[in-house]
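Q: Take this structure first; my questions come after.
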Amino acid sequence: MQLYELGSEPESAAAGKPLFGDDKALIRIGLIIGAAVFFWKLYIGIISNPIWEEGHFAVSGLYPALGYPDIPAGFPLLSRVVTAIFGWDLLPLRLLSLLIATAIPFAVYFMASGVVTKRQAIWAAILAVLIPPLSMSGTIYYPEGALQLLLALMLGCLLRALRDDSWKWWSLTGLCAALGLFIHFRFLIPGAGVVLFALLTAQGRKLWTNPKFWVTGLIAALGLVPSLIYNATSGWPAIAFHVTNRPDWRPDISFLMSFLNQQIGITTPIFFFALLYAGKKAVWPITGDQRKEPQALLGVVGLFIFGLYLVQSPANRILMPHWPFLAYVPLVALVPAVLINFVDKARPAHRRLRQFVIALGPILAIGVGLGITAYQWAWANSATIPAEWRALNFMRNENWAPVQAEVDKAKAIAEQRFGNDVALAVSGHVPATHLELPDAQQRLYYTLGEPYDTFSRFNTARQHWGLDIEALGRTHAGKGVVLVLPEPSYLYHQPSEIAFYQELCRRFEAIEPHKTVNLPPDRTAVTLYTARVKTAPAAPADCPLFPALYIAQPPRGTFLKPDSDANYFGIATAPIGITKVEILIDGKVASEARYGLDPEGARAPEVLKYDPNWPKVQFDFKIDQSGLSAGQHTLSIRATRTDGTTTEGASRTFYKR
């Protein structure tokens with residue numbers, strides 16, 4: 001084996017002194033950068049709103065199991081250890097995630113030192129702090145950082161196993177792989193990359209006759225066994241969610257461009273192309289002899305992970321931006337050599353220019369970090385930031401604390417109506433986790449079986465925990481309950497949502513609305529009700545959960561395009577019929593809607609048959625923006641009944657740019 005690989009040969013005399021001094025000086029600089037990034041991420045972790053997955057892991061951990069509908073048992077069980085020691089709080093979980101992420105650069109150094117010189121391994125570790133997909137982990141309690149850490153450790157151990165063929169390194173390789181599979185199913189993809197290396201390279205093909213390679217695979221498979229047992233005994237919820245239900249196959253070349261734009265933007269163009277070129281050079285070296293070298297392992301694994309998602313991207317609309325991040329872990333070890341060669345092979349007149357190009361990488365990475373910081377700060381301050389800034393909040397990551405406060409008030413009212421034993425119930429698992437963590441009282445909510453829970457199979461877990469709608473009926477029949485129902489986007493245009501609300505009215509009676517809470521930036525509305533659990537499900541005479549006045553478009557919190565001539569629509573009903581619908585903006589009549597429509601293919605549901613005008617109960621309208629100032633406005637509708645009385649629906653926020 002040659003001593004230097006992939007451009008890791010000693011710098012030429014023209015290169016001058018090593019950048020930033022000797023190895024010790026470079027390590028000190030790396031530690032300073034790492035410390036700065038640590039406290040930066042700690043700040044982000046402190047100010048960021050909780051995400052539902054954090055509550056999902058914590059609540060799941062309260063019910064130890066071999067697996068869960070969407071994920072293996074690793075992270076939920078880890079959260080159980082943390083909450084058992086530090087209490088029901090989010091910050092200790094995030095601190096643990098931050099510590100895991102902080103170890104990634106050290107694991108990258110361990111991995112890289114198996115194929116490059118010590119100095120380049122130090123540079124690889126520094127790059128792991130600077131390249132956003134590898135450095136952004138740790139601000140929330142999420143498995144990504146642990147997967148990256150374990151992948152770097154697994155590959156570092158495997159490189160040493162290829163070199164020494166000792167049971168120590170083979171066993172540790174299997175252990176890291178097993179832990180990765182115990183944390184997330186996505187760790188199967190790097191494993192497939194290792195198998196591909198064993199098929200494509202001369203060094204890899206020798207592994208098929210090595211018993212230690214097979215034992216390592218068996219050790220790795222142990223990490224998947226608990227999930228297999230859980231799924232086999234629970235109707236394979238993970239297969240239903242990840243393979244059958246979750247992918248959204250809509251072939252469109254724009255999805256490919258979106259995927260690449262996301263990855264290039266998050267990684268920065270300099271680092272993105274350096275990573276892919278480093279992988280290409282490892283897999284397709286100039287000389288055939290190099291194909292035997294172990295750096296090909298890193299290239300094959302990294303390019304396989306990235307390539308798998310790249311190939312999916314034109315057809316799969318739902319590809320999360322962080323899924324390909326694992327690809328950059330093995331490739332980062334090879335990037336320092338590529339960057340050094342990029343500068344050293346330049347003509348003297350071009351060296352400064354190439355150095356400047358490389359320097360753009362960290363500069364752009366800092367820009368990405370500042371953007372992430374600003375985004376999280378804006379989310380945490382959605383209620384107070386200028387209205388035009390709220391358009392940047394493209395994710396549903398609202399702060400649910402205002403809903404928690406109203407739950408307490410609604411519970412007090414329900415106790416007055418029905419007695420002290422009042423249960424708390426929410427539409428589904430995702431909104432439940434928003435309310436369950438953080439919550440100083442550590443209250444758990446029954447879930448009511450919303451359509452997404454069937455799609456995601458989260459209902460499987462809630463059934464196991466005794467926190468589903470059937471358990472609520474058994475434990476609280478005839479007793480009070482607080483119902484927490486996030487407003488669906490298109491209630492009357494989604495049969496599954498209509499059926500869900502009808503089922504709720506079969507199971508609950510004496511339903512009275514308490515309050516609707518709009519979560520800044522006003523794209524999500526949550527309505528609370530007090531009710532009593534029926535002793536036996538029965539169809540009611542009417543269902544108060546269905547609104548008489550309903551706006552489908554524009555969506556809540558939407559930013560209207562300037563000079564938009566879009567057509568918006570909704571439904572208005574009454575037992576005696578409606579004669580007129582008026583559009584109110586900021587509480588004043590702006591126009592009269594065109595009422596009495598029955599559009600082909602979008603007929604009003606039969607649940608509204610009580611209106612004598614059904615099915616002609618829909619309306620449409622336009623919004624004249626000419627007299628509106630830029631910023632936040634409210635939209636509502638006023639309906640006039642056949643007897644001349646009027647009723648007004650709840651308002652929603654929209655914005656004019």
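None of the figures in this text is laboratory data; all of them are computed from the coordinates on show. Everything numeric in this text was worked out from a predicted model, so none of it was measured. So basically every Cβ, Gly included, is an ideal-geometry build from the backbone, and we count neighbours across all protein chains shown.
Q: Among 306-314, 120-128, how do they line up by average Cβ neighbours within 10 Å per residue, starting with the highest?
A: Highest to lowest by the protection proxy: 120-128, 306-314.
Q: On to the next question. Among 159, 256, what is the fewest-to-most ranking by other Cβ atoms within 10 Å?
A: Sorted ascending by nearby Cβ count, the order is 256, 159.
Q: Kindly count the pairs of lysines across the stretch 46-369 whose alpha carbons are less than 26 Å apart, treating pairs on different chains or eight or more residues apart as eligible.
A: Lysine pairs satisfying the spacing and distance rule in the stretch 46-369 number 17.
Q: For a quick check: sort 111, 257 by the number of other beta carbons within 10 angstrom, fewest at the front.
A: 257, 111
Q: Helix 253-267 versus the longest principal axis of the chain: what is the Cα-based angle in degrees, 0 to 90, to the nearest 10?
A: The two axes meet at around 60 degrees.
Q: Can I ask one more? Given the C-alpha atoms of the chain, compute the convex hull and give its volume per residue in Å³.
A: Spelled out: Cα convex hull of the chain, divided by residues, is 177 Å³.
Q: Give, in nm to one decimal, the length gained when the segment between residue 412 and residue 38 is fully stretched (0.36 nm per residue of separation minus the Cα-Cα distance).
A: Extra length from residue 412 to residue 38 when fully extended: 130.3 nm.
Q: Based on the Cα gyration tensor of the stretch 26-170, what are the three equivalent ellipsoid semi-axes, each the root of five times an eigenvalue, rounded to whole Å and given largest first?
A: 30, 21, 10
Q: Against the empirical 2.2 N^0.38 Å scaling, what ratio does the C-alpha Rg of the stretch 550-656 come to?
A: The reported ratio for this selection is 1.07.
Q: Setting aside same-chain residues fewer than 8 positions from residue 479, which lysines have a Cα under 18 Å from its Cα?
A: Once the sequence-local lysines are set aside, what remains near residue 479 is 409, 411, 534.
Q: Please list 3J(HN,Hα) in residue order for the stretch 301-314, calculated via the Karplus relation 6.51 cos²θ - 1.76 cosθ + 1.60 where θ = phi - 60°; whole Hz, with x for glycine and proline.
A: 5, x, 5, 5, 4, 5, x, 4, 6, 4, 5, 5, 4, x
Q: Further question on the same structure: Just the number, please: Stokes-Einstein D of the stretch 46-369 in µm²/s, Kirkwood Rh from C-alpha pairs, 37 °C, 0.692 mPa s.
A: D, rounded to a whole number, is 159 µm²/s.
Q: Projected onto the charge dipole of the stretch 138-206 (+1 at Lys/Arg Cβ, -1 at Asp/Glu Cβ, origin at the Cα centre), which of 184, 156, 146 gives the Cα projection farthest towards the positive end?
A: Highest projection toward the positive end goes to 156.
Q: With r as the distance between the Cβ atoms of residue 396 and residue 23 and R0 = 51 Å, compute the FRET efficiency 1/(1 + (r/R0)^6) and round to 0.05.
A: Efficiency, rounded to the nearest 0.05: 0.65.
Q: Taking H as built 1.01 Å from N, whose amide H comes closer than 5 Å to the amide H of residue 580, not counting residues under 5 places away?
A: So residue 580 has HN proximity to 640.
Q: From a point 7 Å beyond the Cα of residue 167 in the direction of its Cβ, which residues of the stretch 199-218 have a backbone N at a distance under 18 Å?
A: Residues 210-218 qualify, since their backbone N sits under 18 Å from the label point.
Q: Which of the listed residues, 412, 348, 98, is farthest toward the dipole's positive end in the chain, when Lys, Arg count +1 and Asp, Glu count -1 at the beta-carbon?
A: 348
Q: Assign unit charges at the C-beta atoms only (+1 for Lys and Arg, -1 for Asp and Glu), then state the dipole size of the chain relative to its Cα centre in Debye, rounded to the nearest 20.
A: 1760 debye
Q: While we're on this one: Per residue of the stretch 123-133, in order, report the coupling 6.51 cos²θ - 1.76 cosθ + 1.60 (Karplus, θ = phi - 60°) as ³J(HN,Hα) in whole Hz, putting x for Gly and Pro.
A: 4, 4, 5, 5, 4, 5, 7, 9, 6, x, x
Q: Which loop chymotrypsin sites (Phe, Trp or Tyr not before Pro) in the stretch 338-418, with loop taken from DSSP, have no more than 14 other Cβ atoms within 10 angstrom of their Cβ?
A: Here the sparse-neighbourhood loop sites are 394.
Q: When ranked by the protection proxy of mean other Cβ atoms within 10 Å per residue, highest first, what sequence do the peptides 615-625, 218-228, 579-589, 50-60 form?
A: The densest-packed peptide leads the list: 50-60, 615-625, 218-228, 579-589.
Q: For residue 656, go through the lysines and keep the ones whose alpha-carbon is under 18 Å away, minus same-chain ones fewer than eight residues off.
A: Straight-distance partners of residue 656: 561, 588, 622.
Q: Pairs of alpha-carbon atoms within less than 8 angstrom and 6+ residues apart define the contacts here; what relative contact order does the stretch 550-656 have, in percent?
A: Computed over the stretch 550-656, the figure is 34 percent.
Q: Okay, moving on. Tell me whether the stretch 401-544 comes out rounded, prolate or oblate; compute the Cα gyration tensor, take square roots of the eigenvalues as a ≥ b ≥ c, and use a/c under 1.5 as the rounded threshold.
A: Taking the square roots of the gyration eigenvalues as a ≥ b ≥ c, the stretch 401-544 is rounded.
Q: Using Cβ contacts closer than 10 Å as the measure, can you line up 332, 283, 116 from fewest to most?
A: In increasing order of surrounding Cβ atoms, one gets 283, 116, 332.
Q: Now for a different question. Between the helical axis of 495-507 and the dominant principal axis of the chain, each derived from Cα atoms, what acute angle in degrees is found, rounded to the nearest 10?
A: Result, in degrees: 60.
Q: Let me ask something else. How large is ³J(HN,Hα), in whole Hz, for each residue of the stretch 69-85 in order, when computed from phi with the Karplus curve 6.51 cos²θ - 1.76 cosθ + 1.60 and θ = phi - 60°, using x for Gly and Pro?
A: Listing the rounded values in order: x, 10, 7, x, 7, x, 6, x, 5, 5, 5, 5, 4, 5, 5, 5, 8 Hz.
Q: Measure nothing but the geometry: give the 0 to 90° angle between the long axis through the Cα atoms of 335-344 and the longest principal axis through the Cα atoms of the chain, rounded to 10°.
A: 60 degrees
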